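Peer 1: My questions will all concern the structure given below.
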Amino acid sequence: MLRLTELRLPLDHAPKDLEAAVYERLSLAPGALEQFSVFRRGHDARRRSAIKLVYTLDCMVKDEAEVLARYRAEHPEDVHVNPTPDMVWQPPIANGAALAGRPGYKRPVVIGAGPCGFMAALMLARMGLRPLLLERGKVVRERTVDTFALWRKSELTPESNVQFGEGGAGTFSDGKLYSQVRDPRFLGRQVLREFVAAGAPEEILYLAHPHIGTFRLVSMVEHIRAEIEAAGGEYRFGTRVDGLELEDGTRRLKGVRTATGEVIEADHVVLAVGHSARDTFTMLHESGVDMQAKPFSIGVRIEHPQSVIDTAQFGPSAGNDLLGAAEYRLVHHASNGRGVYSFCMCPGGTVVAATSEVGQVVTNGMSQYSRAERNANSGMVVDLRPGEDYPNDPLAGIAFQRHWERQAFIAGGGDYRAPAQRVGDFLAGRPSTTLGAVVPSYKPGVTPTDLSTCLPDFAVEALREALPRFDRKLRGFAMEDAVMTGVETRTSSPLRLPRGADGQSLNTPGLYPAGEGAGYAGGILSAGIDGLRIAEAVALSMAGQPVEGLGL
């Protein structure tokens, strides 16, 4: 099979035009194309008056070797026709069930039921290793009720919210399923296949920027849980890990201790907590687990009418079903040395309350699959530097986050409303006393105020410089009535737990730091990829085989 990339066709092309483009690209004789499928479809909107759809196709042709050789001879510089790579994932061991049947067998433990955790548990279960998955929060539908209670009634449940519970923080997000991580083994494709098998729409396999939306994520994680349990895995909800059991002298992990005092023996523990598991990070630090401060970012959520973004990006093609709601990615290097960038842009979505601690306000963005809400929103954040903005201590970033989240709570009125400001007022340096045409979507509500009280001075300075620059790229971006809501602090984990090529903690053998909380992922897909890789490492270790070449 041959893979053809960069096939460009007009937005309004007919279905038969795709087949004709293959014949033209490969100079095929009539009837030589046996079949083809779309591997990826994106668009190029740099010329708004002539938007192109950009395809990658997998094609089965007669005399494939001859066709490829002729093409390369005629186009020696071209890199857009190649054999289709093998993207089928194979389990690294075949004797998992036999291992699990031995006397004294200790199940692998997975801490955290987010994308990294449930993918690790799914693969371990498939290999017959009967993993035990521990989740501090609730099952996803009960968690949804608790999350809505914060949004609708200002009632926070610290162990069940946007951050904690089955599905992880990504459950209440746009559900983006693309990543910029290097993936030479095409593990992301395997993760997407698992999602489709669990009920995600098949289009996520070929769209360049796929997403799934919150409600579909809920049913998907339920299906994955059912498969893990059917394969011999076990979930325990409402089970927070509060301690590690270590061998004296070697620091080798012997097990974990839960909040109830129960000790669960384990030689292989996957630490797949999210970036907001602050008490867990404190426990690990006190237990001597190697960790280090990591850069992250701080800022706000900014909202515009989705129609403004659609027109700015797509011009006369705004509203075309194939294009959907427009997205954007913006970056500016400010004169004070700070980077300002859009983060987790949510077309046709809402801004949501995402705190996990009492007396704090945190924002995030969320979209449903339809992306049909009236506003577009995105994080607009400024980079932070350990050792410069806060002490270069592993837990200092958490203290920094808490300070500004508390300031936002106070500025919002002390009842989980969020502080908000019109862009026009923010740029003019005056507090907002009322809002304009853009209605903020944040629930339980906003308080018009001065966001400079909720952000470091350098971040305010950088944002004020960046917004007019972004307006030059996207007309209307700095519109007077666009709304900024604070604060966005949970862009990524503020720390990293270093691990070796075998996936284990550098100073605590048997502990496998993984996913977003450990500093190895940044979103649903990259977390799922890391969960798959770490499951391979655990399985190989349990089978007594060398752990190498996994990209850990």
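Peer 1: What dipole magnitude, in Debye to the nearest 20, does the stretch 133-172 give about its Cα centre under +1 on Lys/Arg Cβ and -1 on Asp/Glu Cβ?
Peer 2: I would put it at about 120 debye.
Peer 1: For the stretch 176-208, state which trypsin sites (Lys or Arg not before Pro) are in a DSSP loop and have at most 10 other beta carbons lying within 10 Å of their beta carbon.
Peer 2: Sparse-neighbourhood loop trypsin sites (Lys or Arg not before Pro): R182.
Peer 1: Need the list of lysines near K62 for cross-linking: C-alpha distance under 26 angstrom, and skip anything on the same chain fewer than eight residues off.
Peer 2: Here the lysines satisfying the reach criterion relative to K62 are K16.
Peer 1: Moving on to the next point. Using only the heavy atoms of the protein chains and a 1.4 Å probe, how would Y178, Y23 rank by accessible area, largest first?
Peer 2: Solvent-accessible surface, decreasing: Y178, Y23.
Peer 1: For the chain, what is the calculated [θ] at 222 nm in deg cm²/dmol (nearest 500), taking -39500 (n - 2.57) for each run of four or more DSSP H residues and dividing by its residue count?
Peer 2: The helix-only estimate for the chain comes to -9000 deg cm²/dmol at 222 nm.
Peer 1: With every protein chain left in place, what is the accessible area of K254 in Å² (1.4 Å probe, nearest 10)?
Peer 2: Probe radius 1.4 Å; accessible area of K254 about 90 Å².
Peer 1: Same structure again: With contacts defined as alpha carbon pairs under 8 Å and 6 or more residues apart, what's the relative contact order of the chain in percent?
Peer 2: Answer for the chain is 17 percent.
Peer 1: For the pair L322 and D78, how long in nm is the line joining their label points, each one 7 Å along Cα→Cβ?
Peer 2: Roughly 2.2 nm, to one decimal.
Peer 1: Quick one, which of (1) 37, 32, 27; (2) 53, 33, 20; (3) 37, 36, 20 is the actual semi-axes √(5λ) of the Cα gyration tensor in Å calculated for this model?
Peer 2: Checking each listed value against the structure points to (3).
Peer 1: Set Lys and Arg Cβ to +1 and Asp and Glu Cβ to -1, take the dipole of the chain about its Cα centre, and tell me which of L427, G349, V38 lies farthest positive.
Peer 2: L427
Peer 1: At R0 = 25 Å, how high is the FRET efficiency between F186 and A65 if r is their beta carbon distance? Nearest 0.05 is fine.
Peer 2: The pair F186/A65 has a calculated efficiency of 0.65.
Peer 1: Rolling a 1.4 angstrom probe over the protein chains, ignoring ligands and nucleic acids, what is the accessible area of E159 in square angstrom, nearest 10?
Peer 2: Probe radius 1.4 Å; accessible area of E159 about 60 Å².
Peer 1: Throw me the Rg/Rh for the stretch 135-253, computed over C-alpha atoms with Kirkwood Rh, two decimals.
Peer 2: 1.05
Peer 1: Once you have a ≥ b ≥ c as the square roots of the Cα gyration tensor eigenvalues for the stretch 321-426, tell me rounded if a/c is under 1.5, and otherwise prolate or oblate according to whether a/b is larger than b/c.
Peer 2: oblate
Peer 1: Further question: Once amide H atoms are built 1.01 Å from N in the peptide plane, which residues 5 or more positions from Y235, or in another chain, come under 5 Å H to H?
Peer 2: L133
Peer 1: Size of the dipole of the stretch 165-259 about the Cα centre, Lys and Arg at +1 and Asp and Glu at -1 on the beta carbon, nothing else charged, in debye to 20?
Peer 2: Roughly 300 debye for the stretch 165-259.
Peer 1: Name all residues of the stretch 1-40 having a backbone nitrogen under 15 Å from the label point set 7 Å from the Cα of V54 along its Cα→Cβ direction, giving them as ranges.
Peer 2: Those under the cut-off are 4-11, 39-40.
Peer 1: Fully extended, how many nm does the chain gain between D12 and R472 (0.36 nm per residue separation, minus their Cα-Cα distance)?
Peer 2: 162.7 nm
Peer 1: Here is a follow-up. Please give the contour-minus-distance gain from V38 to A437: 0.36 nm per residue of separation, less the Cα-Cα distance, rounded to one decimal in nm.
Peer 2: 139.5 nm
Peer 1: Magnitude of the Cβ-charge dipole of the chain, K/R +1 and D/E -1, about the Cα centre, nearest 20 debye?
Peer 2: In debye, rounded to 20, the chain gives about 400.
Peer 1: Separate question: On a full-extension model of 0.36 nm per residue, what is the gain between T260 and S370, subtracting their alpha-carbon distance, rounded to one decimal in nm?
Peer 2: The T260-S370 span can extend by a further 35.4 nm.
Peer 1: So, one more: State whether the stretch 485-541 is rounded, prolate or oblate according to the following rule on the C-alpha gyration tensor (a ≥ b ≥ c being the square roots of its eigenvalues): a/c under 1.5 gives rounded; otherwise a/b larger than b/c gives prolate, and the remaining case gives oblate.
Peer 2: Oblate is the answer for the stretch 485-541, as a/c is 1.5 or above yet b/c matches or exceeds a/b.
Peer 1: With r as the distance between the Cβ atoms of T447 and N392 and R0 = 45 Å, compute the FRET efficiency 1/(1 + (r/R0)^6) and round to 0.05.
Peer 2: 0.85
Peer 1: With unit charges on the beta carbon (Lys/Arg positive, Asp/Glu negative), name the residue among H333, P468, G114 whose Cα is farthest towards the positive pole of the charge dipole of the chain.
Peer 2: My answer, from the dipole projection, is P468.
Peer 1: How many angstrom separate the Cα center of the stretch 246-325 from the Cα center of the stretch 466-486?
Peer 2: So the separation of the two Cα centres works out to 28 Å.
Peer 1: Quick one: Cα centre-to-centre distance for the stretch 75-137 and the stretch 1-57, in angstrom?
Peer 2: Cα centroid to Cα centroid, the span is 34 Å.
Peer 1: Contact order normalised by length for the stretch 16-161, with contacts defined as Cα pairs under 8 Å and 6 or more residues apart; what percent is it?
Peer 2: With pairs under 8 Å counted, the relative contact order is 13 percent.
Peer 1: When only C-alpha pairs under 8 Å and at least 6 residues apart count, what is the relative contact order of the stretch 489-545, in percent?
Peer 2: Relative contact order of the stretch 489-545: 27 percent.
Peer 1: At D415 and V88, where each label point lies 7 Å from the Cα along Cα→Cβ, what is the point-to-point distance in nanometres?
Peer 2: Computed distance between label sites D415 and V88 equals 6.1 nm.
Peer 1: Probe of 1.4 angstrom, ligands and nucleic acids ignored: what's the accessible area per residue over the chain, in square angstrom?
Peer 2: 40
Peer 1: Which one, H285, V300, S317, is farthest towards the positive end of the dipole of the stretch 279-324 when Lys and Arg carry +1 and Asp and Glu -1 on their Cβ?
Peer 2: Going by the charge dipole, the pick is S317.
Peer 1: Next up: Could you tell me how far the Cα centroid of the stretch 337-408 sits from the Cα centroid of the stretch 170-198, in Å?
Peer 2: Rounded to whole Å, the Cα centres lie 22 Å apart.
Peer 1: Further, regarding this structure: Tell me the carbon and sulfur percent of the accessible area for the chain, rounded to whole percent, probe radius 1.4 Å.
Peer 2: 50
Peer 1: Restricting to bridges with both residues inside the chain, how much of the DSSP beta-bridge set is antiparallel, in percent to the nearest 5?
Peer 2: 75
Peer 1: Continuing with this model, one more query. Please calculate the 1.4 Å probe accessible area of H80, with all protein chains present, and give it to the nearest 10 Å².
Peer 2: Result for H80: roughly 60 Å² accessible.
Peer 1: Each label point is 7 Å from the Cα along the Cα-to-Cβ direction; what then is the distance between the points at A98 and V331, in nm?
Peer 2: Taking the simple label geometry, A98 and V331 are separated by 5.0 nm.
Peer 1: Quick one: grab the alpha carbon gyration tensor of the stretch 1-52, order the square roots of its eigenvalues as a ≥ b ≥ c, and give me rounded if a/c is under 1.5, else prolate or oblate depending on whether a/b is larger than b/c.
Peer 2: Cα axes put the stretch 1-52 in the prolate bin.
Peer 1: Along the Cα-to-Cβ line of Y178, 7 Å from the Cα, sits a label point; which residues in the stretch 1-31 have backbone N less than 14 Å from it?
Peer 2: Residues 6 qualify, since their backbone N sits under 14 Å from the label point.
Peer 1: Only loop residues by DSSP count here, and only those with at most 16 other Cβ atoms within 10 Å; note down the trypsin sites (Lys or Arg not before Pro) in the stretch 350-430 that meet that.
Peer 2: Here the trypsin sites (Lys or Arg not before Pro) that fit, given the DSSP loop and packing criteria, are R374.
The values are calculated or read from the model by the stated rules, or taken from the named source; none is laboratory data. Since this is a predicted model, take the numbers as computed values, not measurements. Heads up, the Cβs are rebuilt from the backbone with ideal geometry, glycines too, and the neighbour counts pull from every protein chain shown. Quick note on the areas: whole protein, heavy atoms, side chains included, nothing else; ligands and nucleic acids left out. Shrake-Rupley method; radii C 1.70, N 1.55, O 1.52, S 1.80 Å.
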